[in-house]
Amino acid sequence: MQPSLYWKTYPRCSALPRRTMSSAPVSSRALAYAALVLTTALWGSNGVVSRALMDTIPPLVMASARWAVAFVVLLPLVWPERRAIAHSLRRDWKLLLALALMGSAPQSALVYTGLSASTAIHLGLLNSTIPVLIILISWGWYARRPRRLEAMGLAISLVGVFLILAHGDLQSFVHLEFNHGDLLMLGAMVTWAIYTLRVKDRPQTLSLFAFVFALSLIGGLLTLPFAAFQWVRAGVHLGTREWLGLLYIGAVVTLVSAVLFSYGVERVGAVRAGILIHLMPVFSSAFAALFIGERLFLYHAAGFVLVAGGAILGCLKPEPVLSSQASSKT
């Protein structure tokens with residue numbers, strides 16, 4: 001589905017009831033920021049685990065499997081809401097379909113397919129474009145100009161991200177070449193940026209768990225035929241290592257991070273949530289050093305200070321958030 005078609009079906013956020021961050025308790029905002037930081041840590045670990053599994057699991061199979069795990073884990077938790085989920089699937093199917101395309105298995109399939117033809121450093125670089133894409137899309141569709149602190153924080157964070165990705169040598173970016181895998185991953189970043197802006201408009205009759213369950217169902221059905229074809233063609237054989245890895249990225253990275261991310265976006269807004277995504281390369285570097293033996297250098301520390309400092313600067317001043325009423329359910 002093209003974004004333009006989606007916007008013809010659903011009103012812009014400016015027409016929806018507004019909720020301000022200043023009206024929310026400080027403790028609630030603190031919990032939201034903590035949830036978003038934990039989300040970036042989980043996403044950072046996903047890169048390490050997924051890269052280790054990609055030698056034996058094809059990209060479409062991995063994308064479909066991670067959301068299938070989330071579906072199975074959620075099923076008993078959302079069973080009491082089965083009627084509400086069925087009703088929402090009938091009434092809000094266009095909205096849920098759009099969100100599933102942008103934020104579930106199809107988006108993961110784009111990432112993994114692109115990663116199989118590219119490199120980890122390019123994936124990290126393209127992930128760092130998400131906050132920029134969020135601000136640009138928000139500017140174009142909502143006429144929301146970035147505030148001064150947001151722009152300053154974004155610029156500082158980008159320098160820190162580039163420093164980490166360039167291993168302390170910013171001139172190395174001159175030699176980067178992008179292939180079709182990079183373009184696929186860039187497409188995945190664009191769809192995730194749009195999802196970040198639209199996730200606050202999810203059906204409020206569903207809890208966060210029920211909402212993620214609906215996305216996993218729709219996204220899984222969309223990718224299942226392609227994953228099955230790739231499974232048969234590649235002759236996939238899963239061992240204990242593969243099952244444990246898929247369980248982690250499906251139950252923890254996919255499910256827990258999706259719920260935490262939705263929780264954070266609804267309370268602090270898409271732009272600030274996007275700025276905090278800059279922390280992900282920091283966590284990726286730390287996990288790579290801890291679990292796959294990569295060394296940490298001084299530029300990692302310098303990059304972390306810039307990334308974290310920029311993220312904090314961009315989140316300092318609360319402002320009204322264009323949002324529908326946040327669900328009282330959790």
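The values are calculated or read from the model by the stated rules, or taken from the named source; none is laboratory data. Remember, predicted model here, so these are calculated numbers, not experimental data. Here the Cβ is made from the backbone with ideal geometry for all residues, glycine too, and neighbour counts use every protein chain on show. Ligands, DNA and RNA are stripped out before the accessible areas are found, and what is left, the full protein with its side chains, is counted by its heavy atoms. Shrake-Rupley method; radii C 1.70, N 1.55, O 1.52, S 1.80 Å.
One table, with the values for the structure above:
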{"item": "Residue in the stretch 91-103 that is within 30 Å of Leu221 (Cβ to Cβ), in contact with a His (Cβ under 9 Å, 6 or more places away or on another chain) and not in a helix (DSSP H, G or I) present", "result": "no"}
{"item": "Cross-chain or 6+ apart pairs with Cβ under 6 Å, the stretch 79-90 first and under 13 Å from Ser207 (Cα atoms) and open to solvent by less than 100 Å² (accessible area, probe 1.4 Å), then part of a helix (DSSP H, G or I) and of a type outside the set (Val, Ile, Thr)", "result": "Glu81/Ala210; Ile85/Ala210; Ile85/Ala214"}
{"item": "3 or more residues at pLDDT 70 or above and over 20 Å from Ala34 (Cβ atoms): qualifying helices (runs of 4 or more DSSP H) within the stretch 250-330", "result": "280-291, 298-314"}
{"item": "Extreme residue, farthest from Gln230 (Cα to Cα), among residues of the stretch 43-67 that are open to solvent by 50 Å² or more (accessible area, probe 1.4 Å) and of a type outside the set (Ser, Thr, Tyr)", "result": "Arg51"}
{"item": "Of all residues making up the stretch 243-254, the number that are out of contact with any helix residue (DSSP H, G or I) (no Cβ under 6 Å at 6 or more places or on another chain) and either over 14 Å from Val73 (Cβ atoms) or exposed (fewer than 15 other Cβ atoms within 10 Å of the Cβ) (or both)", "result": "2"}
{"item": "Boolean, Arg145 is part of a helix (DSSP H, G or I), open to solvent by 20 Å² or more (accessible area, probe 1.4 Å), more than 27 Å from His180 (Cα to Cα) and not hydrophobic (A, V, I, L, M, F, W, C)", "result": "no"}
